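Report on one structure; see the data block that follows.
The values are calculated or read from the model by the stated rules, or taken from the named source; none is laboratory data. In this text, all values refer to a predicted model and were calculated from it rather than measured experimentally. Neighbour counts run over all protein chains shown; Cβ positions are idealised from the backbone, glycine included. Only protein heavy atoms, including side chains, enter the accessible area calculation; ligands, DNA and RNA are left aside. Shrake-Rupley method; radii C 1.70, N 1.55, O 1.52, S 1.80 Å.
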Amino acid sequence: MKQLNRKLLRELLRMKSQMLAVAAVVACGISVFVSMSSVEYSLKSTKASYYSDYRFADVFMQVKRAPESMLENVRNIQGVAAVRSRIVADVTLDVPGLNEPASGRLVSMPDRKVPVLNDVFLREGRYIEAGHPEEVIASETFMEANGLKIGDRVGAVINGRWKELVIVGMGLSPEYIYEVQPGAFFPDNRRFGVFWMSRDALEAALDMTGAFNDLSLTLAHGASEKDVIQRLDDMFRRYGSLGAYGRSEQLSDRFISDEIKQVGIQITVLPAIFLAVAVFLLNIVLKRLVSTQRDQIAVMKAMGYTNEEVGLHYLGFAMVPVAIGAVAGTALGIWLGLGLTKVYEDFYNFAELIYYFRFEEVALSVLLSAGAALVGALSAVKRVVSLPPAEAMRPEAPVVYKPGFLDRKEFQKKIPVSVRIIVRNLERRRWKTAISVIMIAFAVAILIAGRYSYDAINHLILVEFSGKHREDLTIIFNESRPRSVQYNLASLGGVLEQEFYREEPAKLIYEHRSRRQSITGLKTSDGLKRLVDAHNRQIQLPETGILLTTTLADILGIAPGDTLTVEFLQGKRRTVRVPVGGTIDELLGLSAYMRIDNLDRLTEEADMVTAAYLRIDGTESEKLFADFKEMPDVAGTSMLKAMQESFEELIAQSMTTSTVILTTFASILAFAVVYNGARISLSERARELSSLRVLGLTRHEIAFILLGEQAILTAIAIPVGFLIGIGLSVLLALALSSELYRMPVVFSNFNFVFALIVIVAVALFSGIMVHYRLNRLDLIAVLKTRE
Amino acid sequence: MAYNQGSIGQTVLGVDKVSKVYTMGEVKVEALRHVSADFYEGELVVLLGTSGSGKSTLLNIIGGLDVPSEGRLYFRGKEMTAANEDDLTAYRRESIGFVFQFYNLISSLTALENVQLVTEISPEPMAAEEALKLVSLADRMNHFPSQLSGGEQQRVAIARAVAKRPELLLCDEPTGALDYKTGKLVLDVIRKVNEELGTTTLVITHNVSIAAMADRVIHMRSGEITEIERNERKLSPSELSW
């Protein structure tokens, strides 16, 4: 077998460009598989250990104010393992170096460091000291975004009083892995941060001595979350509970869990495509190899090599490039996985995001690629192994052509002979032609689907930041205010336009389904805030009844015309029945809208507002911001433009990286298919082409015949690839959409143009490489031999 | 019948002291050594030699598939020795007709299309149908190579070679892959083309019997011409036997 291995090695070297192309395709597939599955595992296990190390709670609840004595009752609920009460308050911040006001979430911590639920991981500095009410631990992202250091001071308006907070520690918490302002979707770390401070200090500042407004608990093993939530809701209704909820409604967990799910989806699709292409390539390359080596195979058998030995030898032609691809792909996958982990560190605030690489991934990728090699090689090898030596010695039967499409009378005269050669070749092997087209189309599809997410996010940015909102900033009051607050705002210089709205926490119930969801009361659907759907089309607010986002209506299983039961969770806590006036297909989150006066009527609390959209005069913004920083009723402000910028900045790099990677991979795929296709045609037809050269055809003329075939395949593959790409994107949109956001199905023209350019460039490049080989055809040798 | 008289025409092609050395790895092989010969309008020459005699190398050089290492080649008085790749392609395209041992038809093209392949790119070709009629294949011209017998395929190859009205028809072992009867039929087609079109024809073979149909016979051995013999009693292919 030694000599056979030598033969294998030498011939592999001779076919190195084809084999490398196969190896590269395998490497792409394996690298995606290894990187995505290792990242998924890393995220999952990091999340799990972070949650358990820092005791992330299972159930959460906000109340207006409940006595500390209630804790004992909670502990007695069956299935509750540990409970923690806290005081949480949203305040306006004055951050050094930042003109506009920022928002802070103050979270109470025990005065002495003891293990608690939703604990804080201290990255730097120290824990707060008892007797120092001004000391805080600030969130790492906020400190980094604002360039704050331990010892820096931040101003805060707490319960109407201006206080100076001193940062003594930099921390993070499993509660805020994704740290966004309440009600927002995009992180703006400069303008929103979490601060952990002394419970005593907060009790004093907020007049909450002996009381709490935030409850979290963990469940005992096997406990029913639903039952515990039900008990909590009953128990705390009279304390202004906004309804208890599990981790699945906790925003940060929701984001990170969705992300992990999305990574999981990517483990399968791309690697499957790449491995399928590798199977196809191995199959055509090996078939060709075996047919050019028929005589050698016969000789080997005549000398006494067994079928298994011969078969294994040819299987080696598949195994070696696949093994190279698998090794390279695994290495590349680890490298990509590490890089991707870094990207996730930007998005999500883990105490430590550890990249785990497991042996299972290597084993599985080896198994997958060996499987691919086997499937690709088997049919080609089987054919040759089964031939008796004497038959193998004889040349293969001549290729049979039959009259086809072109032989209809109307075409006879018009079409040049060279084109007929091309078309007949494509026609003769319809399956191979079809599969080649599909393989190239896959490359196009990967490009389309890869840039699709870019288009989708751009569209989302357009709709969310330009279509929906025309305000410059939003101010949120710390509790419902009478509508007369508008006069206060109007009296501030620089406010050009103001539009109040009201957020009313409620529980929406239809049949056996229910959902905690604030209802937004708006004056109009076309004010500073506009109601627009996924396609940026304007939707009207119904005169009566409630407007639900499509996803919310789906969750509740309700349709326009049905009647919804609404339990308000604040004020008079009325329960009312409201007809569903329509649905709106929004991209982000869940919402329920109605006219503000209808909301006033239903709650029996008129003229209340909770927030306002403002359009301001840019020249007076500085003074205005200074005023806001000192306004007692303001819990927070959010700046649309700033949010957009910070989101775009966050997303830009990862988008560029993923575009570069996918474009490279798709190019490799397209190149491998086109180049191998042309090389095999060249090998099959070297004799024919040489004969043509001898007959006087120029190099370009024979190149036209050879490459014309690949050109036609590519040309057909492009529109097919567009279709597959659109299909793949739709699947991606469905798979990636969640309650948090829906991926809009939108494509920019540039996406298609880009895919077209890349594929044409790749096809041209492989054409040039094959053309170069054509120039070296040995015209004489080929005439002397029978194939 | 003027063409049938032997070397009366002008020189079509002249070979002057041509040598060819191949380098095979570290060994140099002298395939041709100072070979000189002229070929005249309308004659049929048989180039006779055993394998390794250098006859194919000479044919390749004459056909513009290869260039000599030494010596000169003249076509219609014009020196071809210094011709580049493009000149040689043009030379083959316009002036040379090739017939190969293994026919080398394009399997994806019908008989007619194989001939059209050449007529499409020639300046003054005959109609492809006419060329096929010449080789008595008018009735099978829409067949693909896989539907034709070996002899028929070789006749298509001849039709393809002559359809451009070449100055020189080069046939490399045209009967090498054919049985006795079919071989003779094909040789008769070559004779017919030579006589009816007056195309200067060069047939290379190792088959001594075929020499009897030539106007002149060039004998080669070990890269050299050993003898150029005028055939005084020319036979028709049907009279040949081997």
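Summary of computed values
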{"read-out": "Count of the stretch A:115-125 residues which are open to solvent by 40 Å² or more (accessible area, probe 1.4 Å) and under 15 Å from A:Ser173 (Cα atoms)", "value": "5"}
{"read-out": "From the options A:Ser681, A:Ser658, A:Ser654, residue that is over 30 Å from A:Thr292 (Cβ atoms), out of contact with any strand residue (DSSP E or B) (no Cβ under 7 Å at 6 or more places or on another chain) and at pLDDT 80 or above", "value": "A:Ser658"}
{"read-out": "Looking only at the stretch A:94-114, and only at residues there that are of a type in the set (Asp, Glu) and under 30 Å from A:Leu473 (Cα atoms), the one that is least open to solvent (accessible area, probe 1.4 Å)", "value": "A:Glu100"}
{"read-out": "Residues that are closer than 14 Å to A:Ile519 by Cβ, part of a helix (DSSP H, G or I) and either open to solvent by 30 Å² or more (accessible area, probe 1.4 Å) or among the aromatic types (Phe, Trp, Tyr) (or both), drawn from the stretch A:579-630", "value": "A:Asp597, A:Arg601"}
{"read-out": "Hits in the stretch A:631-645 - residues which are open to solvent by 30 Å² or more (accessible area, probe 1.4 Å) and either touching a Gly at 6+ places or on another chain (Cβ under 6 Å) or among the small types (Gly, Ala, Ser) (or both)", "value": "A:Pro632"}
{"read-out": "Residue in the stretch A:531-552 that is closer than 30 Å to A:Lys629 by Cβ, surrounded by 14 or more Cβ atoms within 10 Å (Cβ to Cβ), of a type in the set (D, E, K, R) and modelled with pLDDT under 95 present", "value": "no"}
{"read-out": "For A:Leu496: the one exception among (1) of a type in the set (A, V, I, L, M); (2) more than 30 Å from A:Pro271 (Cβ to Cβ); (3) surrounded by 18 or more Cβ atoms within 10 Å (Cβ to Cβ)", "value": "(3)"}
{"read-out": "The stretch A:63-90: number of residues that are within 20 Å of A:Trp196 (Cβ to Cβ) and either outside the structural domain of A:Asp111 (by TED's automatic domain parsing) or without any contact (Cβ under 8 Å) to a residue 12 or more places away in the chain (or both)", "value": "0"}
{"read-out": "Residue match in the stretch A:591-600 (condition: over 36 Å from the mean Cα position of the chain (by Cα) and within 24 Å of A:Met235 (Cα to Cα))", "value": "no"}
{"read-out": "Matching residues, the stretch B:46-70, being away from chain A (no Cβ under 12 Å), open to solvent by 10 Å² or more (accessible area, probe 1.4 Å), among the hydroxyl-bearing types (Ser, Thr, Tyr) and within 18 Å of B:Val208 (Cβ to Cβ)", "value": "B:Thr50"}
{"read-out": "Complete set of residues in the stretch A:698-711 that are open to solvent by less than 60 Å² (accessible area, probe 1.4 Å), within 14 Å of another protein chain (Cβ to nearest Cβ) and assigned to a helix (DSSP H, G or I)", "value": "A:Glu701, A:Ile702, A:Ala703, A:Ile705, A:Leu706, A:Gly708, A:Glu709"}
{"read-out": "Test: residue in the stretch B:78-85 that is touching a Gly at 6+ places or on another chain (Cβ under 9 Å) and within 14 Å of chain A (Cβ to nearest Cβ)", "value": "yes"}
{"read-out": "Lone unmet requirement of (1) under 22 Å from A:Val343 (Cβ atoms); (2) modelled with pLDDT of 85 or more for A:Arg742", "value": "(1)"}
{"read-out": "Selection within the stretch B:22-36 - open to solvent by 10 Å² or more (accessible area, probe 1.4 Å) and assigned to a strand (DSSP E or B)", "value": "B:Tyr22, B:Thr23, B:Met24, B:Val27, B:Lys28, B:Val29, B:Glu30, B:Ala31, B:Arg33, B:His34, B:Ser36"}
{"read-out": "Matching residues, the stretch B:198-242, being crowded, with 19+ Cβ neighbours inside 10 Å and among the small types (Gly, Ala, Ser)", "value": "B:Ala211, B:Ala214, B:Gly223"}
